[in-house]
Each structure stands twice: as C-alpha cells, then as structure tokens.
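Asks: Dropping the structure in here first, questions after.
Taken together, the values in this text are just the output of simple stated rules run on the coordinates, not laboratory data. Predicted model only: the values in this text are computed from it and were never measured. FYI the Cβ positions are ideal-geometry reconstructions off the backbone, even for glycines, and counts take in every protein chain you see.
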Amino acid sequence: MSYSDLYNDAKLPTGASKAFALNWGLAVLLIAASCVGFLMLFSVADGNLDKWAFPQMVRFTMGFGMMIVMAFIPITIYRKLSFPIYIFALVLLIIVEFFGQVGMGAQRWIDLGFMRLQPSEFMKIALVMILAYYYSWIDKSLISKPQWLLPPIILTLLPVFLVLRQPDLGTAILLLAGAIVVMFIAGVSLWYFAAGLAAVGGLVFLVMYSQGHTWQLLKDYQYRRISTFLDPSSDPLGAGYHITQSKIALGSGGISGRGFMQGTQSHLNFLPEKHTDFIFTTLVEEFGFIGGMALLLIYLLIVLFCVVSAMTNANRFGAILTLGIAATFFFYFAVNMSMVMGLAPVVGVPLPLVSYGGSAMLVLMVGFGLVQSAHVHRPR
Amino acid sequence: MTLQKPDKTKVRQITRRAGLLLGGQVMFMGVLGWRMRDLGVKQNAQFRLLAEENRINIQLVPPTRGLIYDRQGRLIANNIPQYRVQMVREQIKAPEVILDRLAQLIPISPKQHDHVLSLMKRRRSWVPVTVAEDLTWEHIAAVAANAPALPGVTPVVGSYREYIYPHEYSHIVGYVGPVSDYDLSKTDDDDPVLRIPRFQIGKNGIEAKIEKQLRGIAEIKRIEVNSVGRVMRDLDRKAGASGKNIQITIDTELQTAALKRIQGESAAAVVIDVRNGDILALASAPTYDPNKFVTGISTTDWNALLNNKYRPLANKTVSGTYPPGSTYKMVVALAALEAGITDGNDHVNCKGYVEVYKQRFHCWRRGGHGKVDMVRALRESCDVYFYDIAQKVGIEKISDVARRLGLGVRHDLPLPAVHKGLAPTKAWKRKTKGKDWRVGDTLNAGIGQGYTLSSPLQLALMAARLGAGTQIEPRLINSIGDELLPIKGNIPLDFDPKHLDIVRRGMFEVVNHARGTARGSRITLPGVKMAGKTGTSQVKRITASERKRGVIRNADLPWERRDHALFVAFAPHDNPKYAISVIVEHGGGGSKAAAPIARDIMQAALLLDDTGYGAMPSQKRRTDDPDEQTPHIISTKTDPV
C-alpha cells in the first residue's frame, strides 16, 4: 500500500489536463518579476541587451520550461526522492569543500565544464524537501517531542556548518531560516521557538557583555569584525562605501524616479555589483518609490499565491513544501532589500528572479516547479 | 509502518501557522516599503544632492597671472611655462611598472623613484602625485605620445613666475609662492583657485599687494565624472579672465644706476618726479633674488638673508625710519617763517652751544658759527640757530609743517610695511611715553633728532614738495590693466611762496655756495644746479664725558654706532624736475657719504631725459593660450557619512 492510495486520486487531474490545473496566476507573476529583471539588466548594461539581459532571458525561459515539466510529475514522486536528493546535495557540499573553485573570495562552485554548480543553492530546496518529508512522515503527536526534534536539527545543521565553512554567511542564514520556518509550519510547539530565541539572545548578550572583561569570550579583532559587520558606516571607505552609495541611489529616486536609463549612481558606476546584489537600487533610482513598491507587490502576490495554494492542500508534504519554498523565496528578497536599504549587514544574497545569475534562477525555478506540482496534485 | 489518513486538525494547524507566517511576512514587507518611502520620498532632496555631488566635479582652469612692466614697458615679471608629470594610483594596477616605463622617457632619479612610490602608498588613491618637474617640451611630447602605455599618467602644463631684474626689483615687485595653509588661515579670500595645490600667489611687494588684480579669475567648468573620476561630459562653464598687467612708475635704468651707486652699503635712495609724484627709483641695498622664493628657497639661503646685519629683506625706502637729522631743518625754518617768528634775516649768535635749563645743546661746529641768518644756518647747518627758532615756534607748529611736507604721514603705496614715521606732538608723548613734553625735546626736534623719524620715501617727498611747491603724492603704479591711476596732490602748498623761496635759497647754497656743507657734490652738467641739504643723524646720544674727551671720529666707532648719513635734494634748482633722498645707514657724515651718491643718481636721472611711459607689448602673451593651461579638478565629493 502506497501513501498515494490514501487519497482519492480520481479527483486529481491526469495527463494533459494537468496543464489547466497549473497555478497560472503564480506563473504569470514569476514572468512579471523576471521582466522587471530583464528591464533593469538592460539598463545597467547601458542599453546593451547581449551583456546581461539576453542570457538572463534564455535562463528564465529554460527554467520556466523546467517548472512546467516538473509540474506534471506527481508530488508523491518528489516525496520519495526527498532523501536521496538531500544526501546528493550534502555530498556535493562536501566535494566543494575539498575540490571547489574559489570565486569572489569564497569556495562555492564545482566546475562541471559546461556549468558551474553551486551546491549550497541546491541545498536550499533539498533541505526544505527533507524536512517536509520528515514532518509528513512522523505522527502528529510526536512532533513536539524532544527526541523527535533532534533529527531535523541535525539535518539542518550539517549543511549550515558546511556552507559556513566556505564561507557564505548569506546562504547559511537562508538555510537556517528556511528550516526554522518549515518546523514552525509543521507545528513544533511555540515554546521551543521561544526557548531558542531566548538562548540565542542570551548567548549574544553574554558575548557582547564579556567584551572588556577578563573572561572575554572572543578575541578583540573578532569584536572589531562584528562591529564593522553590524555598522558598516564605521568604515566609510571600505564596507560602508557601498551601502552609502546604495542609499544615495535609493534616496535620489524620489516618488517616480529619474527615468529609465537615467540613474547617475548606477550608470556612472558608483554602485557596486549593480547587476547582481544591488540591482534593486537601480530599479528604485530609475523608477522611484513607485517602481520599488511595484516589485514588492509582485513578490507579495507570489508569496500569497503560494500560501493560498498550501492552505487549500490536504497533502501535508505538499503544503509544507509549498510554504517552505515560499518562505525561502521571501527570505531572498527580504534579506536583499534590507541589505541595500542599510537595514541589514551586507551578505551576498541576490534579488530573486531579478539579479543576474544562473544558480539562483535555476534553484528558484526548481522550487516553483515543486510548488506547481504540489498545486496540480493537491487533494482537497 | 503506521500511516494515517490525513487528519483534519493537522491541516488546520498548518492553515493557522501559514496565516501567522504570512502576517509576519506582510508586516516585514511593510517595513521595507516604509523604509523605501523614508529614503526616497522624505529624504529625497538630501540624497539627490549627494548623488549630484558624486556626479559633478568642478574643474578649474587657473588664470594666467598679470605681467608687470616698468615705465618704459620693459617686462619685469614674466610667466614661464613649466612642464611636469603627474600620476594617479587609482587608475594603475602596478605603479612600479608604469614608473619604469616613464623613466625611459623622462629623467627620474632613483631617489625620486622611491619617493614617488612611497607617496602613492601614503596618499589617497585619487590624489595625483608629481613624478617629475621642470621637464622640457620634448619630454612632455614623449609622454603624451606614449599615453596608451602609461595609464594614470598625466602631463601637466603650468607656469612659474620669472623675475627678469631680480635684484633691481626685489623690494618693489616682491615675489610669488605656493599658497600655504597659513596663507589660507589669515585670508577671507574664498577664490577656489586657492585650493589648487601649489597655486602661486603674491607673497611680498606689489605681487602681494595687488594680488587680486594680478591673479585674474579662473575659468570654472562643471563636469560629469564617473566613480573613478573619468570625465564623461562637460555640463557648463563660466568664463574666466587673465590677470591684469601692471605698469609701474619705476625706470629700470635709473633704478639700476641707483642700486649700483649704493651697492655695498646698507642704504636707500628714492627718486621722485616732482611734477607728477612718480617714483622713478626706489632702491634699497642690499637686495635679494626673489626667483629663489618662487621655486622654494633653501634653508641656507634663507638663514643667510635673515642673519645679514645689512637686512637685505627689508625695504628700507618705505619701512626704514631714521632720525632725519639736519634734513629736517627746512621743516623748522618753514615753520618759523610761517609763524612769523622771523623773516629769515634776523641773526642768531652761535657760540657752539646753547644752554637751556642748565643743559647744554651743542652745535656740530664746536667753535660756533658766530652771527647766522636763516640762509646761512641752512647752508652751514648751524644747530644753534635751529635750537633758537625751534624753541620759539614750538613742537606743534613744527610737526604740522612736517606733516604738510609729507613727513610723519602714511602714504598710500602698494608695498608691505609702509611706515608712517613720526612727527611728534605733546599729546603723542603724553599718550605713548606717559611724560610731559619738555623744551629739550623741542630743541632736539629742531635738528631732526630725538623723537622725529622719517623714511627715505618721506624725505624725498619733502624735497619734491619743497622744490615743486605742490602737495604732490607719491605714485608707484601707473596703470592696472587699462585703468590709469590718477596723479594726486598737484595743487600748490599752503605756504607763502616767499617763505618757500628763502628755504630753497638756503638749500641752493648748501650745494653751490663756497661754504655750503655739500659744496663738493655739485652737479657737473652744464647749466644745471641742484638744491639740497645734508644730514647726519646720531644713532647714539653723545654723553658729556665723551664730548669732553673730544668727539670720536666716526671711522673709529664700530659700524652699528656710526652716524646715519643723509642727503635730500631737488634739481634743477630753478625748474625742479626730480627730487631725491639718500640715506646710508651708519655711513658717517651726510656731506661725505650721502651727498656724492645723491649727486650721481640725480645726474643719471637728469641724463635719462624721461619721455614718459613706454607702451607695453600687446595683451597677447606667450603663455596665454588657454589650451596650454592644464585644468585642475577640485573634487566636490564629501566623505560618505
């Protein structure tokens, strides 16, 4: 007896009719967000289509096609593949640790010749999948039992540790945040979250409080690094320079912006990483508050469509997976936007669907492929 | 393996937690939106300004400094193009490599090589570092031709000041030098060109006093730059203007002749054209070379100038003040005549001294002159005669006449440290010394000693006014740009012409009478006679015991204690053209040390046959091509906050 037999499969769409059951609203929103990306990549390349915009279009088209194909495969198959995929991603992370290519000061890629594979991106989906699998597998009564809490924590900390060693703080934070959200959705008692929060807060307080005392927990240079990390303006010509220039770009846009291709901050190269992590600043500089809010609205609708899909999904694995991927997507843009607005320290997180880059685009489209599959094959 | 049917409560819990999660996410997006509004809408003006500051740099094209010409239109201060090479680290990956390439084109010493590298490490990456200076045009052309292989290297065309008659004009024209922090701190001049490193401004003399007009106005360009400072396009420009050319009243030939004549002494000589007040010569010896200051004077040279007891840096003609000695006797004589105390024919019996309140006041001739009238008293410089009339006139009237003749008054000349001198009054003594004026003070003033102080310029002016009978003012600048500066004070002196004639008669006899004190210094030119007055001013008071032992001859005294030798004159005596004053510091007697010098300079002036101002060359100058001047960029970037 298989898991799927428990559901009334007769109600689920089959064959080509699955195409009509796709979450087309979500698909249109993904296209909209990507189009914003194409426009901005065209602009920051000073009107050069071939530089960034066109390769990005090709990637998105491939990713979109892959998403549709993935939607046709029953969600039960993905559920069964959860564990092998997690193990595969973990092995890739270990391989990158020893044989990886060094790029941007950190060891992140495996060069496969035809493409560069970034296993940490892959792990974002794999971790959400394995945790969704775990919480759809164990009995409801066991969820908040301490011994049953241990496996998901280990499953999370293993990749987080490996990613931190690369070092890639941004991805590690996203992994951890994604895992916590999945556990939250699955129904782990709120007391654990409260306790965890208190423990982390206490530890941070203790570390910071010990500074200057004889029992100081960290070395002096480590404290200096922490303070530069938290407050880049203390280093205005180093780390703070980028944030200052970014805020100037955001602030100079005004309500309606300075016009398409008219942003001086980006076109005169005052912005760092203007086609990747800092692309949002160009958007706001050229299209103003209205442009920024429009993209934020598209993102909000994408999250909302996922949440609605999950709420109407009686399949526990599908629902948790959908919400987990939506949360991962949310963390992408929340961290990126906070960073460029000077609300959070600078960690390398791209703006989803808009920033130039292959790995992130691929991973996101794989994630939305899973969401579509869960949507198509959802029992009500 | 126990598998349950999906149970309703579990699904509901997912629904509730999903709702909570969505709520949290929406709230956070609200924060992001609020922050966006805060930055882009509320603080928009401020950030827009910062973006503009990022984008726009001000580029200054330094103006060409005005040139200085003499009376005949001879160039005195010129601008010479100067070529140097700068390097900016920001645009270079390996400065060493570029520097080695550069060394193949232009001379760079190993010391300079290391110095440049260390400078580039220390300075901020976008600050240009000067690699080599004083290059030839060939060097610059070679660097420009190889520009693609030399990223970050810029040839710079500037200019430096050259003084063509350095020693002749060191005290008049002065010199320029790079703007220092000290200069900036004491001026309220906010001209942006002052922010250009090494921009040259006047530091002394006319260069400093007429700085504003000489400097001109910089052309200002607003340019758009990218983040590494590369110029993207010109936004707008404000035209500048070259500095104005200046023509001074000095005659280089006469100035040279005057300086030559007083060379070797610590001395000053001033020649004034009595008809218009033009200063034809303003010589102060020793001189110095202002060109050394333009490039930066060495410590050795500087100390040598400072420690020289002849004080070469001082302009003695206007800054040096001396007791005028017997040259003051014209003032006292005129004051007595104007006050009606004497008509000039009354006699005073000189027995070598007078006693006032039991204090003896000596005449320079120990045996006395016997019976003297005013003309004879001037001619033979009888001190007793002047003690007598000074006592009768009183100090207030003497000093009043002195001021009307230009002594003890500050004259408006564009030179630094123009001293006022001193024509003392009772009120002045009370105020500064806290003591009452005494009769003895008046007697001392009567022979130009005591508190009286005059500069050589003032003494020459006095001679000019006595000769011309006008209130003529000294004039050093003839024109600034196209503007001619007016002649001032060409109106008759407020004295009885008969009184002036008596004084002039006395001065004439000083030089031309067989018993005149300067009879040895007559003009040798046919038909021209000079009227003058000698003066010997004591540096140190002669004590009674010294006088008893017999006055020591000047030559036996150490230099610092010898008398100052003075002479003032105008010529020709019947139709005055030029007035002169000469002072030789510690030179001894006026008749021996100063009068012959004055006679020689006066003869030189008379022989020059001045025909008025020579035309200056047209305004087009050698280095005036604006394209040759390399613009200087001043970053308006504010440090990020």
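Asks: Tabulate in residue order the Karplus-calculated ³J(HN,Hα) for segment A:17-24, using 6.51 cos²θ - 1.76 cosθ + 1.60 with θ = phi - 60°, rounded to whole Hz; enter x for Gly and Pro.
Replies: After applying 6.51 cos²θ - 1.76 cosθ + 1.60, I find 5, 4, 4, 6, 8, 4, 7, 5 Hz.
Asks: Related question: Calculate the mean, over all residues of peptide B:214-226, of how many other protein chain Cβ atoms lie within 10 angstrom of the residue's Cβ. Intermediate results must be reported in sequence, preceding the final value.
Replies: Working: counts 0, 0, 0, 0, 0, 0, 0, 0, 0, 0, 2, 1, 5.
Mean partner-chain Cβ count within 10 Å for B:214-226: 1.
Asks: Could you list which residues have their amide H under 5 Å from that of B:SER479, counting only those 5 or more apart in sequence or on another chain, with H placed in the peptide plane?
Replies: Distant-sequence amide H within range of B:SER479: B:GLN247, B:LEU485.
Asks: Still on this structure, please answer the following. Could you put A:LEU218, B:LEU214, A:LEU230 in order, starting from the residue whose Cβ has the fewest other Cβ atoms within 10 Å? Numbers along the way, then the final one.
Replies: Details: A:LEU218 14, B:LEU214 25, A:LEU230 10.
Lowest count first: A:LEU230, A:LEU218, B:LEU214.
Asks: How tilted is helix B:44-55 with respect to the longest principal axis of chain B? Cα atoms for both, answer in degrees (0 to 90, nearest 10).
Replies: Roughly 70 degrees, rounded to the nearest 10.
Asks: How far apart, in nm, are two points set 7 Å out from the Cα along the Cα-to-Cβ line at B:VAL41 and at B:ALA514?
Replies: 11.2 nm
Asks: Okay, helix-only estimate at 222 nm for chain A: each DSSP H run of n ≥ 4 adds -39500 (n - 2.57), divide by all residues, round to 500 deg cm²/dmol; what do you get? Working shown, then result.
Replies: Working: 14 runs with 251 residues, N = 380.
That comes out to -22500 deg cm²/dmol.
Asks: Through the Karplus equation 6.51 cos²θ - 1.76 cosθ + 1.60, θ set to phi - 60°, convert the phi angles of segment B:262-275 into ³J(HN,Hα) values in whole Hz; use x for Gly and Pro.
Replies: Per residue, the Karplus-derived 3J(HN,Hα) values read 9, 4, x, 9, 9, 8, 9, 9, 10, 10, 10, 7, 6, 7 Hz.
Asks: If amide hydrogens are placed 1.01 Å from N in the peptide plane, which non-local residues have theirs closer than 5 Å to the one on B:SER266?
Replies: It is B:GLU585, by chain and number.
Asks: Sticking with this one: Using a ≥ b ≥ c from the Cα gyration tensor of segment B:240-348 (square roots of the eigenvalues), is it rounded, prolate or oblate, where a/c under 1.5 gives rounded and otherwise the larger of a/b and b/c decides, a/b for prolate? Display every interim value, and only then the final one.
Replies: Numbers: a/c = 3.04, a/b = 1.82, b/c = 1.67.
Prolate, since a/c reaches 1.5 and a/b exceeds b/c.
Asks: Let me ask you something else. Springs between alpha-carbon pairs under 10 angstrom, Gaussian network model over chain A: which of A:GLN211, A:GLN118, A:GLN245 fluctuates most?
Replies: Largest GNM mean-square fluctuation: A:GLN211.
Asks: Order of B:474-480, A:191-197, B:493-499 by packing, highest average Cβ count within 10 Å first? Write out the running numbers ahead of the final one.
Replies: Numbers: B:474-480: 21.0, A:191-197: 11.3, B:493-499: 14.0.
Descending mean neighbour count gives B:474-480, B:493-499, A:191-197.
Asks: Oh, and also: Mind running the shape call on segment A:3-376? Use the C-alpha gyration tensor, a ≥ b ≥ c as the square roots of the eigenvalues: rounded below 1.5 for a/c, prolate if a/b tops b/c, oblate otherwise. Walk me through the numbers before you get to the answer.
Replies: Values: a/c = 1.76, a/b = 1.14, b/c = 1.55.
Oblate, because a/c is 1.5 or more while a/b does not exceed b/c.
Asks: Right, another one. Along segment B:382-396, what does the Karplus equation 6.51 cos²θ - 1.76 cosθ + 1.60 (θ = phi - 60°) give for ³J(HN,Hα), rounded to whole Hz, x for Gly and Pro?
Replies: Ordered by residue, 3J(HN,Hα) equals 6, 6, 4, 4, 6, 4, 5, 6, 4, 4, 6, 6, x, 5, 4 Hz.
Asks: Related question: Along the charge dipole of segment A:3-376, which of A:LEU164, A:ALA326, A:LEU39 sits closest to the positive end, that is, farthest toward it, with unit charges on the beta carbon of Lys, Arg, Asp and Glu (+1, +1, -1, -1)?
Replies: A:ALA326
Asks: Cut-off is 10 Å between beta-carbons; in what order do A:MET129, B:MET29 appear when sorted fewest neighbours first? Numbers along the way, then the final one.
Replies: Details: A:MET129 26, B:MET29 20.
In increasing order of surrounding Cβ atoms, one gets B:MET29, A:MET129.
Asks: By how many degrees, 0 to 90 and rounded to 10, does the Cα axis of helix B:110-122 deviate from the longest principal axis of chain B?
Replies: Helix B:110-122 sits at roughly 60 degrees to that axis.
Asks: Nothing charged except the Cβ atoms of Lys and Arg (+1) and of Asp and Glu (-1): what's the magnitude of the dipole of segment A:3-376 about its Cα centre? Round to the nearest 20 debye. Write down the numbers at each step before the final one.
Replies: Values: 19 positive and 16 negative charges, 110 e Å.
Dipole about the Cα centre, nearest 20: 520 debye.
Asks: Another question about this same structure. So if R0 is 45 Å, what FRET efficiency would A:ASP50 and B:TYR182 give, r being the distance between their Cβ atoms, rounded to the nearest 0.05?
Replies: On the way: r = 58 Å, r/R0 = 1.28.
Result of the calculation: an efficiency of 0.20.
Asks: Turning to a different aspect of this structure: By per-residue mean of other Cβ atoms within 10 Å, what is the highest-first order of B:40-49, B:171-180, B:113-122?
Replies: Details: B:40-49: 16.9, B:171-180: 22.9, B:113-122: 14.5.
The peptides rank, most packed first, as B:171-180, B:40-49, B:113-122.
Asks: For B:ALA144 and B:ASP496 in the same chain, what is the full-extension length gain: residue separation times 0.36 nm, less their Cα-Cα distance, in nm? Don't skip to the answer; put the middle values down first.
Replies: Details: separation 352, 0.36 × 352 = 126.72 nm, distance 7.41 nm.
The B:ALA144-B:ASP496 span can extend by a further 119.3 nm.
Asks: Report the local net charge at B:GLY23: Lys and Arg +1, Asp and Glu -1, summed over other residues whose C-beta lies under 12 Å from its C-beta.
Replies: Values: positive: B:ARG16, B:ARG17; negative: none.
With Lys, Arg at +1 and Asp, Glu at -1, the net is +2.
Asks: Please build a GNM for chain A, connecting alpha carbons under 10 Å apart, and tell me which residue among A:LEU370, A:LEU362, A:LEU206 fluctuates the most.
Replies: Largest GNM mean-square fluctuation: A:LEU206.
Asks: Which value at 222 nm does chain B reach when only helices count, each DSSP H run of 4 or more adding -39,500 (n - 2.57), with the total divided by all residues and rounded to the nearest 500 deg cm²/dmol?
Replies: On the way: 23 runs with 225 residues, N = 641.
Using -39500 (n - 2.57) per qualifying helix, the result is -10000 deg cm²/dmol.
Asks: Where does the charge balance sit around B:SER521 when Lys and Arg score +1, Asp and Glu -1, over other residues with C-beta under 11 Å from its C-beta? Don't skip to the answer; put the middle values down first.
Replies: Numbers: positive: B:ARG519, B:ARG522, B:LYS592, B:ARG599; negative: B:ASP600.
Surrounding charge for B:SER521 is +3.
Asks: For chain B, take the longest principal axis of its alpha carbons; what is the angle in degrees between that and the long axis of helix B:456-468, to the nearest 10 within 0 to 90?
Replies: Once rounded, one gets 50 degrees.
Asks: Between B:ASP236 and B:SER298, take the C-beta separation as r, use R0 = 41 Å, and let me know the FRET efficiency to the nearest 0.05.
Replies: On the way: r = 44 Å, r/R0 = 1.08.
Once the sixth-power term is evaluated, E becomes 0.40.
Asks: If you don't mind, there's one more thing I want to ask. Within 10 Å of each Cβ of B:26-39, how many other protein chain Cβ atoms are there on average?
Replies: Working: counts 3, 0, 5, 10, 2, 5, 10, 7, 0, 7, 13, 4, 4, 14.
Per residue, the average neighbour count from other chains is 6.
Asks: For B:50-59, what's the mean count of beta carbons from other chains sitting within 10 Å of each residue's beta carbon?
Replies: Details: counts 8, 13, 3, 1, 9, 6, 1, 0, 0, 0.
Mean partner shielding for this stretch: 4.
Asks: In which sequence would B:LEU105, A:LEU49 go, from the one with the fewest C-beta neighbours within 10 Å to the one with the most?
Replies: Working: B:LEU105 21, A:LEU49 13.
Final ranking by Cβ density, sparse to dense: A:LEU49, B:LEU105.
Asks: Oh, and also: Within 14 Å, Cβ to Cβ, of A:TYR133, how many net charges do the neighbouring residues add up to if Lys/Arg are +1 and Asp/Glu are -1?
Replies: +3
Asks: What are the residues whose amide H is under 5 Å from the amide H of B:ARG198, where those residues sit 5 or more places off or on another chain and H is modelled from the backbone?
Replies: Correct list: B:VAL179.
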